[in-house]
Amino acid sequence: MSDTGTYLYAVARDEVAACPPGVADADVRTIVRGGLVAYVSSVPMERFAEEPLRRSLEDMDWLAGTARAHHRVVDAVAAATPTAPVRLVTVYDGDEQVSDLLERRAGDFAEVLEQVTGRREWGVKAFADPTSEERPDERPSCEKPGKPGTAYLQRRRANLRGREQNRRQALARAEHIHAALATVAVASRRHRPQDPRLSGRTDWMLLNGAYLVDEGRVAEFATMAGQLGGGGVEVTVTGPWAPYSFTVMETR
């Protein structure tokens, strides 16, 4: 086995003038075949072969650094030309395997690149504050005084019913937001809500959506997203991003 492997970042139609350093600070280069351009770099197999890679993926610091480098390269390419990102840590034994991939999956890559031409991915998240739903019911009661424990349980049940009702209403609101934004987007995806440790927020994440939007409709999309917030729901828009949600495909 060779000491180095070929790390694949993305496939595009055009060669970009310059790319930032890739994984492990390696220089990024291109492999061209059949009208497609693969962006790759050489990586040490002592770290990226199957068994050492399995151990590396358990190192959160290493994984985070690798992901940042991967996305940095993909974002640079996507900013200049329609791009099909490849899954994180896709490594081949050598350049010839990547060249064969371009020939074998040429039709699939062409279809993906056609879909994203003139479009970018935008992320939309909707949040609701759960603390406002846990306040005790302080309305005066018309019932006769009873045992303190009974009164507490009655208030607790009422709060739980109110919390569940509020949650159902918030989720319905998220469905409405997603459906409305999807009418402006060419394609849309709903991802699972992020763990609060990743989002950095304690709010309920009601919506974690991705939307592929024509460049000519970005202002319309952003305006609609802003109008869909309010009433206890905060809507945030991020992007533009490389179209990960709509282009990443199995390359093996």
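The values are calculated or read from the model by the stated rules, or taken from the named source; none is laboratory data. No experiment lies behind these values; they were computed from the predicted model shown. Here Cβ is always computed from backbone atoms with ideal geometry, including for glycine, and neighbour counts include all displayed protein chains. Please note that ligands, DNA and RNA were not included when accessible areas were found on the heavy atoms of the full protein model with its side chains. Shrake-Rupley method; radii C 1.70, N 1.55, O 1.52, S 1.80 Å.
For this structure, a couple of remarks:
- The residues of the range 40-55 that are part of a helix (DSSP H, G or I) and surrounded by 15 or more Cβ atoms within 10 Å (Cβ to Cβ), listed by number, are MET45, ARG47, PHE48, LEU53.
- The range 10-21 residues that are under 13 Å from HIS71 (Cβ atoms) and outside any strand (DSSP E or B), paired with ones that are open to solvent by 60 Å² or more (accessible area, probe 1.4 Å) and not aromatic (Phe, Trp, Tyr) (beta carbon under 6 Å, 6 or more apart): PRO20/ARG72
- Checked against (1) among the hydrophobic types (A, V, I, L, M, F, W, C); (2) farther than 27 Å from ASP195 by Cα; (3) at pLDDT 95 or above, TRP122 passes all but a single condition, namely (2).
- The residues of the range 83-97 that are open to solvent by 20 Å² or more (accessible area, probe 1.4 Å), under 18 Å from the mean Cα position of the chain (by Cα) and of a type outside the set (Lys, Arg), listed by number, are LEU88, VAL89.
- Residue that is modelled with pLDDT of 65 or more, on the phi < 0 side of the Ramachandran plot and of a type in the set (Gly, Ala, Ser), where the choices are ALA151, ALA185: ALA185
- Picking from residues in the range 209-233 that are in contact with a Pro (Cβ under 9 Å, 6 or more places away or on another chain) and open to solvent by less than 20 Å² (accessible area, probe 1.4 Å), the one that is nearest to PHE127 (Cα to Cα) is ALA210.
- The listed residue being open to solvent by less than 80 Å² (accessible area, probe 1.4 Å), assigned to a strand (DSSP E or B) and of a type in the set (A, V, I, L, M), out of VAL37, VAL32: VAL37
- Residues of the range 56-73 classified as under 16 Å from the mean Cα position of the chain (by Cα) and surrounded by fewer than 13 Cβ atoms within 10 Å (Cβ to Cβ), total: 2
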